[in-house]
1. Take peptides 10-19, 104-113, 76-85, 135-144 and line them up by average Cβ neighbours within 10 Å, highest first, as a rough protection proxy.
2. Among His143, Gly226, Gln160, whose Cα projects farthest towards the positive end of the dipole of region 63-287, with charges put on the beta-carbon of Lys, Arg (+1) and Asp, Glu (-1)?
3. Determine the distance separating the Cα centre of region 66-142 from the Cα centre of region 187-250; give it in Å without decimals.
Amino acid sequence: MSRLRAYGPFGLLLVVLVLVAFPFYWMVLTSFTPREALFRPPYRFVRLDLSLGNYRELLFATEFVRYFANSLIAAVGAIVLNVVAATLAGYGLTRFAFPGKKTFAFGTLFSYMFPPMLMAIPLYILFSALQMRNTYTGLILAHMAISLPLNIWLMWQYFQIVPLSLEEAAWTSGASRLAALRQVCLPSARPGILSVGIFSFALSWNDFTFAFLLQTDRKMFTLPVGLASFVEQTGVHWGMVMAAAVLVSVPTFLLVFFLQRYLLSGLRTAGEGRARWPSRSGWRACRSASGAARARCRRCATSRSRSASASSSPSSAPPAAARRPL
């Protein structure tokens, strides 16, 4: 009974892991399975007759490379615009007081509750009038419109945990507001910026609705729209579809894999509800500031309290007899 309690959670975790990982394993296995052997019994979970024929056909017999480039351009453009706009908007909501600030902040989050499909027809009419259909600009702006409200809310929450005293210390040392934002606030809000970038990338990379409505030229198709064209009336080439699915999943997997450390630290910081220690540049600005600005800095106050407690401790100072020279 004791062994069951000890190893039971691990066994349950292993079962869940197999159920979650098996579709990805089957996708990769199908992508390397030759077309003539794909539906030929017996159906094996482990194969040795693997082939790159599906990938060769996908890359050289279709327009997959063009679709990949279109999706990459749209995703990078959406990331840049969302990061810049959400960072400036979140900073302004945190540091400036103006009438209706909270109403605007909650309104941005409330607007994200509506499905993006409600904006599909208005954006289609607007971009048709502006002749922005079948362009990268129109698609990037459409992706920005559906992801910016939540990004503004995220950056607003992250800038609230950055102490204002750090900026005041930088201002005292002669830095402008933009310099203080770049040297003090942005390093502290780096996990939020990365979260905004990953969210913008995932939404733009996986979007089908707006790309299908706005990009009617086949040369402007993105990956979701292009992959849908692989489904023909006479049948589906499952080997090529699975090969395309593997290649589409690789950028998202790599992005999350290499940035997971920053994402976890950002979620941990937001969950604790406290600010991170300032960056090296912010610490230098605080050290060079005046005494009034440093008095409001949390790290300086903590350092002073530690120094005071260490100096007042009886064990920290040697006895008078030990200090006398022999």
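Bear in mind these aren't lab numbers, they're just calculated from the coordinates by the rules spelled out. Everything quoted here is computed from the prediction, not taken from an experiment. Cβ placement follows ideal geometry from the backbone for every residue including glycine, while neighbour counts extend to all protein chains displayed.
1. Details: 10-19: 9.9, 104-113: 13.9, 76-85: 18.8, 135-144: 21.0.
Packing order, densest peptide first, comes out as 135-144, 76-85, 104-113, 10-19.
2. Final value for the positive-end residue is Gln160.
3. Cα centroid to Cα centroid, the span is 18 Å.
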